[in-house]
Amino acid sequence: KKKITSRTFAEMKQAGEKITMLTAYDYTTAGIIDAAGIDGILVGDSASNVMAGNKDTLPISIDQMIYHAAAVARACEHCLVVCDMPFGSYQVSRSEGVRNAIRIMKETSVDALKMEGGIEIMDTVRGIIEAGIPVMGHLGLTPQSVHKFGGYGLRAKEAAEAERLLADARALDEAGCFAITLEKVPANLAAEVTRAVSCATIGIGAGHETDGQILVYADALGMTRGFKPKFLRHFADVNRCMTDGVQQYIRTVKDCSFPSVDESY
Ligand code: KIV
Ligand code: NA
């Protein structure tokens, strides 16, 4: 199978072929997801929650994102690997954002970067694209701004916010973004954005009319307990599977049936 690039996403949109993405943060998991045939892996700053147990994405550092992204990139032979720019790495100034973007590309060998925001970060988005780095936008629920919005609720319900989101999407598209993540917005708005832009839209909690879908792998595979928003579907019960395996291990060690003679030297 051919290596997927940021160009492939545009071709898939044109062809009407849905684009599939999941997150991953480590070599072993990314290797499984890539070999299963996914189109793209996002090294999300959700690593802050999923890997480190923080309550939001704000604390994760550039160094920590680089550690995760380099591990994922080493595992992927086929899919496109996108790395989130963490909170604070691109909000200060264009030059700082471009410098941090270049650093992540040099130290990880990912294929592209993702940034949250619209018109307010356009100057920095342009600078990074001008440096030759493919950029994925991210609109709607943008977790790095959780304190501004006061929670993780549905975004752009009202006409004014929907209009702003559409304008942001158009601006990101015109700046040359190869894709835009649309998180937790009404399906009708996501469909309208998808028709309005030439780049691919990747939805999470944004209905089925986006050009592709993305989920956090630990949520999609049923590893995280007590998190089941309406937009999420569990495609496996890895929590059950791991719990069974761990309990079997405990049982066989306790009853001295592991290791057997055959498993001993
Ligand atoms: O960090 C992340 O996992 C994300 C996706 C949910 C889009 O940004
Ligand atoms: Na993210």
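The values are calculated or read from the model by the stated rules, or taken from the named source; none is laboratory data. Not measured: the values here are computed from a predicted model. Glycine also receives a Cβ, built like all others from the backbone with ideal geometry; neighbour counts cover every protein chain displayed.
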_I need a count of the residues in the stretch 99-132 that are in contact with a Leu (Cβ under 6 Å, 6 or more places away or on another chain) and not small (G, A, S)._
1
*Where D168 falls short, out of the listed (1) in a loop (DSSP other than H, G, I, E, B); (2) touching a helix residue (DSSP H, G or I) at 6+ places or on another chain (Cβ under 9 Å)*: (1)
*asked:* Taking the conditions exactly as written (polar (S, T, N, Q) and assigned by TED's automatic domain parsing to the domain that holds T23), does T243 satisfy them or not?
replied: no
*From (1) of a type in the set (S, T, Y); (2) part of a helix (DSSP H, G or I); (3) within 30 Å of D173 (Cβ to Cβ), pick out the condition that doesn't hold for Y249.*
(3)
*What is the one condition in (1) more than 12 Å from ligand 1 (Cβ to nearest atom); (2) within 21 Å of A15 (Cβ to Cβ); (3) buried (at least 17 other Cβ atoms within 10 Å of the Cβ) that I214 does not satisfy?*
(1)
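Would you mention how many residues in the stretch 67-97 are crowded, with 20+ Cβ neighbours inside 10 Å and aliphatic (A, V, I, L, M)? Explain how you work it out, then say what you get.
The initial filter retains those residues of the stretch 67-97 that are crowded, with 20+ Cβ neighbours inside 10 Å, namely 68-69, 72, 75-76, 79-87, 89-90, 97.
Now narrow it down to the ones that are aliphatic (A, V, I, L, M): 69, 72, 75, 80-82, 85.
Of the residues in the stretch 67-97, 7 are crowded, with 20+ Cβ neighbours inside 10 Å and aliphatic (A, V, I, L, M).
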*Spans of strands (runs of 3 or more DSSP E) in the stretch 13-100 with at least 3 residues modelled with pLDDT of 95 or more and closer than 22 Å to H208 by Cβ*: 19-23, 40-43
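So that you can scan it fast, the table gives a plain yes or no per residue for (1) in contact with a strand residue (DSSP E or B) (Cβ under 7 Å, 6 or more places away or on another chain); (2) touching a residue at least 12 places away in the same chain (Cβ under 8 Å); (3) surrounded by fewer than 19 Cβ atoms within 10 Å (Cβ to Cβ); (4) farther than 29 Å from K3 by Cβ:
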| residue | (1), (2), (3), (4) |
| --- | --- |
| A131 | no, yes, yes, no |
| G137 | yes, yes, no, no |
| L154 | no, yes, yes, yes |
| R170 | no, yes, yes, yes |
| E183 | yes, yes, no, no |
